Amino acid sequence: MSLNGSLQEKIEHWFAQGAEAIGNKDAEAAFFELRGALESGTLRSAEPDTSLPLGWRVNAWVKRGILLGFRLGQMVEMGCPDGFRFVDKATYPARRFSAADGVRVVPGGSSIRSGAYLAKGVVVMPPAYVNVGAYVDEGTMVDSHALVGSCAQIGSRVHLSAAAQIGGVLEPVNASPVIIEDDALVGGNTGVYEGTIVRKRAVIAAGTVLTRGTPVYDLIKDEVYKATAESPLVIPEGAVVVPGSRAVTRGKGAEWGLSVAAPVIVKYRDEKTELSLVLEDVLR
């Protein structure tokens, strides 16, 4: 039996025990094993799987393990080396990094929760927050006021610009987390929520908000992308998405000249787009 298989059985068992698991040393040991595997990047709440239609597999049992940690943890006062004090579950203290980790956490109020993975070459600008279960791959920049929510999966060489909000998904446990694939650019003041998948090299322009309930209009391919009960919203590879609006055509909305948000794909990345992103490499 593989290590993950054995760990999965333990997590599933203790999660099913409900409140009876509180205070049990074996339950705590199983959780800390899971948390360590998440922090090392050897275990993920969702991982690439080319055999599946979306190319990703959700590991629902990992989410159950994260929820088990909240159940097991007691509220305690904790602190960071800089003297900052906070109160949280004892099972989820703030992570600490050394120079050997190769992760730049620039001073100024950022926090990375235990159970999050940051690869070598990741840069976190202040203030930013990375929540439990998140996976942030090599060379990615998490800019000021950015959020990487619980279980979000961020690829390599991604730039999450200032105030970008990558939503977290813990419950329902079977739901797909937000996934930002390699070489994507997420602009400032954006929001990517509710299991959205942003494919490789896509550009989400400043101010764009993507959710399950918001269709995306592709002016280049004459298509409309929507989430379904079985599938999240998927932004195609290399798409450049900008904020747009759609006129309300019925009732008082039409009479008042109202419109609703409608993200629009206006182009796909080309040489001109690539040149405009060269600064990202310089900043790293």
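Throughout, read-outs are computed from the coordinates displayed, never taken from laboratory work. Just so we're clear, the structure is a prediction, and the values are computed from it rather than from any experiment. Positions of Cβ are generated from backbone atoms using ideal geometry, with glycine treated the same way; all protein chains shown enter the neighbour counts.
Below, the figures for the structure above:
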item: Cα-only Debye scattering, the chain: base-10 log of I(q)/I(0) at q = 0.07, 0.11, 0.12 Å⁻¹; result: -0.28, -0.67, -0.79
item: Residue of 19, 162, 100 that the Gaussian network model of the chain assigns the largest fluctuation, springs spanning Cα pairs under 10 Å; result: 100
item: Rel. contact order, % - alpha carbon contacts under 8 angstrom, at least six apart, the chain; result: 10
item: The chain, dipole about Cα centre (Lys/Arg Cβ +1, Asp/Glu Cβ -1), debye to the nearest 20; result: 420
item: Difference of contour (0.36 nm per residue) and Cα-Cα distance, residue 12 to residue 254; result: 81.9 nm
item: Set of lysines with alpha-carbon distance to residue 200 below 30 Å, sequence-local pairs under 8 removed; result: 63, 120, 221, 226, 267, 272
item: For residue 210, distant residues with modelled amide H under 5 Å away; result: 191, 192, 193
item: Antiparallel content of DSSP bridges confined to the chain, in %, to 5; result: 35
item: Among 77, 181, 47: highest mean-square fluctuation, GNM of the chain, C-alpha pairs under 10 Å; result: 77
item: Signed unit charges on C-beta, dipole axis of region 126-183, positive-most listed residue 142, 131, 174; result: 131
item: Distance (nanometres) between label positions extended 7 Å along Cα→Cβ at residue 212 and residue 54; result: 1.0
item: Under-5 Å amide H pairs with residue 54, H placed in peptide plane, nonlocal only; result: none
item: Residues 40, 111 arranged by fewest to most Cβ contacts within 10 Å; result: 40, 111
item: Top of 120, 89, 25 by mean-square fluctuation, Gaussian network on the chain, Cα under 10 Å; result: 25
item: Reach of residue 252 by Cα under 19 Å, taken over lysines that are not fewer than 8 positions away in the same chain; result: none
item: Distant-in-sequence amide H partners of residue 105 (H built 1.01 Å from N, under 5 Å); result: 124
item: Rel. contact order, % - alpha carbon contacts under 8 angstrom, at least six apart, region 3-72; result: 39
